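Encoded as structure tokens, the structure appears first; notes follow it.
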């Protein structure tokens, strides 16, 4: 995130030592460490919540797509059933002697 090297950290430490003083520096460092840790935990929590929401949104999208595919499959099944029924009804209208000829042709010899 930040490009802070060792020399910059030493410089900040020396300035803090001069400004704050050697007596209060450990206490200030502990407080700063506490707040930095708390901030990191908060950021990790926010990142986890965002990731969870993104995953939930992806699952919702997949569910919608799956529902759409199921509706499409239902339409295909209905169409297939209606075609089969119309073929059966049209075959049912074939004269009886033609139907017997067809049956004879398909019988094993």
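Students often get this wrong: which residues of segment 63-84 have the backbone nitrogen under 15 Å from the point 7 angstrom along Cα-to-C-beta of residue 90?
Residues 80-84 qualify, since their backbone N sits under 15 Å from the label point.
Please give, to one decimal in nm, the separation of the simple spin-label points placed at residue 59 and residue 44, each 7 Å out from Cα toward the Cβ.
The two pseudo-label positions are separated by 2.3 nm.
Take the alpha carbon gyration tensor of segment 1-94, find the square roots of its eigenvalues, order them as a ≥ b ≥ c, and report rounded if a/c is under 1.5; if not, report prolate when a/b exceeds b/c, else oblate.
Numbers: a/c = 15.49, a/b = 6.07, b/c = 2.55.
Prolate.
Every read-out reported here was derived from the displayed coordinates using simple, explicitly stated rules and does not represent laboratory data. Not measured: the values here are computed from a predicted model. Every residue, glycine among them, receives a Cβ derived from its backbone with ideal geometry; neighbour counts consider all protein chains shown.
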